[in-house]
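The values are calculated or read from the model by the stated rules, or taken from the named source; none is laboratory data. On a predicted model such as this, the values are computed, not experimentally measured, just so you know. Every residue, glycine among them, receives a Cβ derived from its backbone with ideal geometry; neighbour counts consider all protein chains shown. Please note that ligands, DNA and RNA were not included when accessible areas were found on the heavy atoms of the full protein model with its side chains. Shrake-Rupley method; radii C 1.70, N 1.55, O 1.52, S 1.80 Å.
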Amino acid sequence: MKTKEKKLVLDGWMAVVWSSMWRLLLLCGCMEILLVAIMRPPEGYTYVGYLRTFLLVPLLVQTVVVLILRLLVTKLYKQAENRWVMLLSLLLVNVFVGSIAAVYTSVSLIPVMLVLPVVMISAYKKQWLIRVQIALTVGCYIIDRLVFLPRVVYRLKTTALVDIIVFLTLMLAFAAIEEQVRKSSLQQDIQIWKDSLTNLYNHEAFYEELEFRMKNFEENHEVFSIMIADIDNFKKVNDTYGHAYGDEVIRMIAQIMEQNKGSKGFVARYGGEEFAMIFPKKAIQEAVLAADNIRREFASRTLESKDGPKSFTISIGVAEYDHTYRTASAFFEEADQALYKAKATGKNKVCCNTK
């Protein structure tokens with residue numbers, strides 16, 4: 001797995017853990033307050049001791065677990081190996097649910113809480129962690145049933161209302177975790193196709209979209225055009241003003257292209273200072289006009305530098321997909337050749353693949 005994909009997996013897992021756990025803290029806290037309010041203190045317990053055992057201590061443990069997870073999310077995971085960070089997160093989640101099961105072990109539905117970490121399995125994306133979690137869940141349940149339950153000296157009286165409260169809490173907890181896992185998976189899928197500097201789509205996403213448009217042409221004969229743009233003399237910009245300044249120039253053209261792509265257009269950072277755009281349903285004449293609007297707007301913008309306001313130019317190649325090409329790369333080469341022509345004949349212009 002590539003470094004970027006590894007980071008996305010870790011970020012996604014941590015996002016699921018953190019987003020889920022603070023919701024669980026609220027849900028379980030409310031459940032514990034309601035249970036303590038409804039049930040009576042066991043024989044031999046003072047009311048203060050009852051509150052301390054069944055509310056304050058478990059809530060304190062759960063809050064500390066969530067705070068540690070927060071520290072892990074914001075600080076520690078950047079300095080640690082993925083394996084250990086994810087394992088520590090998993091253990092903390094089990095401590096959270098285990099603290100509830102251990103205290104309320106005599107309440108019939110409470111042991112189901114131990115299954116909550118398993119709901120996060122699809123966010124792990126690590127086979128060994130899935131096995132570890134299953135082993136932990138089974139182990140925790142066995143310990144709860146064979147150790148905690150026989151030794152409990154207090155028997156909280158379960159009623160229909162208590163079962164309803166626990167059931168609703170479990171239902172909401174499962175739903176909250178599942179929603180976070182779903183959102184995280186969608187976000188990871190999106191980010192894998194995005195360029196981190198500009199938030200435009202990347203090289204891989206562009207080719208996916210291009211192949212889709214080519215297939216659509218074969219089925220519906222829907223003509224479209226593409227353009228590839230390259231910032232002129234960009235190496236000199238980096239050499240003179242530094243890479244951070246060059247990044248600002250890249251963000252500026254990315255913003256202009258995003259604003260000019262239209263409602264159904266597709267724009268991507270192809271690589272470095274190169275950008276690509278797809279114009280659905282646009283023949284070459286319309287695409288050239290759209291590309292020239294982008295070129296002129298970019299040339300009119302300025303960016304402050306150590307030498308005062310600076311403006312930049314861009315060269316663009318445009319190609320129309322009006323007949324079937326063998327591959328996406330073969331068609332892209334048409335726009336690339338037009339870009340080369342624009343560069344070779346003076347730069348800061350738009351050229352196309354028609355004569």
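Solvent-accessible area of residue 322, all protein chains in place: 80 Å² (probe radius 1.4 Å, heavy atoms, ligands and nucleic acids excluded).
When 19, 196 are compared by accessible area at a 1.4 angstrom probe, the order from most to least is 196, 19.
Residue-wise HN-Hα couplings along the range 305-319, as the Karplus relation 6.51 cos²θ - 1.76 cosθ + 1.60 with θ = phi - 60° gives them from phi, are 9, 5, 9, x, x, 10, 10, 9, 10, 9, 10, 9, x, 10, 9 Hz; Gly and Pro carry x. Using the basic label-point model (7 angstrom from Cα toward the beta carbon), what is the residue 285 to residue 141 distance in nanometres? Calculated label separation equals 7.1 nm.
Computed over the chain, the per-residue total of -39500 (n - 2.57) for DSSP H runs of n ≥ 4 gives a 222 nm mean residue ellipticity of -20500 deg cm²/dmol, rounded to 500. Highest GNM mean-square fluctuation among 219, 273, 334, for the chain modelled with Cα contacts below 10 Å: 219. Per residue, the range 254-355 exposes 50 Å² of solvent-accessible protein surface, assessed with a 1.4 angstrom probe and all protein chains in place.
Please report the spacing between the Cα centers of the range 198-213 and the range 264-343 in Å, no decimals. If you average the Cα positions of each part, the centres end up 14 Å apart. So, counting K/R as plus one and D/E as minus one, what does the shell of residues with Cβ under 12 Å around residue 238 add up to? Surrounding charge for residue 238 is -2.
Rolling a 1.4 Å probe over the protein heavy atoms of the range 139-275, with every protein chain left in place, gives an accessible area that is 56 percent carbon and sulfur. By a 1.4 Å probe calculation restricted to protein chains, residue 30 has an accessible surface near 80 Å², given to the nearest 10.
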